[in-house]
Amino acid sequence: MEIKKDERIDDLEFKGLKIIQNKTGFCFGIDSVLLSDFAKEIKKNSKVIDLGTGTGIINILLSGKTEVQDFTGVEVQQEVADMAERSVKLNNLEDKIKIINDDILNLKNIYKKNSYDVVITNPPYKKINTGINNKENKKNISRNEITATLDDFIHISSYLLKDYGQFYMVHRPDRLVDIFSIMRKENIEPKKIRFIYPNKNKQTNLVLIKGIKNGNPFLRFENNLYIYDEKGNYTDEVLEIYNKK
């Protein structure tokens, strides 16, 4: 397996799975790990697409957490998509996971409407020209709505989803009003939400959301998830998610 300059292979410590990452680029974080755990309820006969797949972490983890046999990952950055494709090969998952190097805005030219049972996405959190922009373009695109906006991600998700298909997303709580507003506009009904906290003394900084296309209105709040305990160690639940307990 070819490893390029500044790249490394990280052991995911789960069923022997590994991933290739660039030390100078945007590496996956706990948000992707939590999202994959949140979505592990998906059924084995589902067709799943991950929008903004990055290095493919969500699909790779879900290949171990579920019995799903049909994953697609879409990544606009060619270099990052290449890493994802090599990670798929590294794990011998070519028969399960397909990586597409394309803009999500072009997916209407590739797929018919209602093509997927499940859409998963960990999109850029920041609106363009807000916050501190990283000089590294790869990190900038991963963190900021440069190539596609929140509206774009939810719109194309609705286009791709079958009726009653499942939509899973991780985002920032301060965008929650926008998220729910856009989801409703695109006929994806918010059904389940879970807030993530660094610890019990800090404000929530991540939120996990599940929606159903053309679903009936009913929103369930899951128990809060705390990352660290009072001693600064991972909580038991996070250790379980990382398969360390």
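Could you give me the residue pairs with C-beta distances under 6 Å whose first residue belongs to segment 154-183 and is among the basic types (K, R), whose second residue is at pLDDT below 95 wherever it lies, and which are 6+ apart or on separate chains?
As it stands, the answer is R172/Y125, since those pairs meet every condition given.
Out of all the residues in segment 54-73, which are outside any helix (DSSP H, G or I), of a type in the set (V, I, T) and in contact with a helix residue (DSSP H, G or I) (Cβ under 6 Å, 6 or more places away or on another chain)? Full working, then the answer.
Filtering segment 54-73 for residues outside any helix (DSSP H, G or I) gives 54-56, 66-73.
Next, only the ones that are of a type in the set (V, I, T) stay: 55, 66, 68, 72.
T55, the sole residue that qualifies.
Output yes when any residue across segment 219-241 is of a type in the set (F, W, Y), crowded, with 16+ Cβ neighbours inside 10 Å and outside any strand (DSSP E or B), and no when none is. First the steps, then the outcome.
We begin by selecting, within segment 219-241, every residue of a type in the set (F, W, Y); these are 221, 226, 228, 234.
Adding the requirement that they be crowded, with 16+ Cβ neighbours inside 10 Å leaves 226, 228, 234.
Okay, now just the ones that are also outside any strand (DSSP E or B), so none.
Within segment 219-241 (the criterion being of a type in the set (F, W, Y), crowded, with 16+ Cβ neighbours inside 10 Å and outside any strand (DSSP E or B)), the answer is no, since none of the residues qualifies.
Can you tell me which residues in segment 18-33 are farther than 22 Å from P198 by Cβ and crowded, with 19+ Cβ neighbours inside 10 Å?
Residues of segment 18-33 farther than 22 Å from P198 by Cβ: 18-25.
Residues satisfying the conditions are I19, I20, Q21, G25.
Given the criteria touching a residue at least 24 places away in the same chain (Cβ under 8 Å), assigned to a strand (DSSP E or B) and on the phi < 0 side of the Ramachandran plot, does V33 qualify?
So V33 fails the test.
Among (1) surrounded by fewer than 22 Cβ atoms within 10 Å (Cβ to Cβ); (2) more than 28 Å from I212 (Cβ to Cβ); (3) of a type in the set (S, T, Y), which single condition is T66 missing?
Of the numbered conditions (1) surrounded by fewer than 22 Cβ atoms within 10 Å (Cβ to Cβ); (2) more than 28 Å from I212 (Cβ to Cβ); (3) of a type in the set (S, T, Y), the odd one out for T66 is (2).
The values are calculated or read from the model by the stated rules, or taken from the named source; none is laboratory data. Remember, it's a predicted structure, so these values are computed and weren't measured experimentally. Quick reminder, even Gly has a Cβ in these numbers, built from the backbone with ideal geometry, and neighbours come from all protein chains shown.
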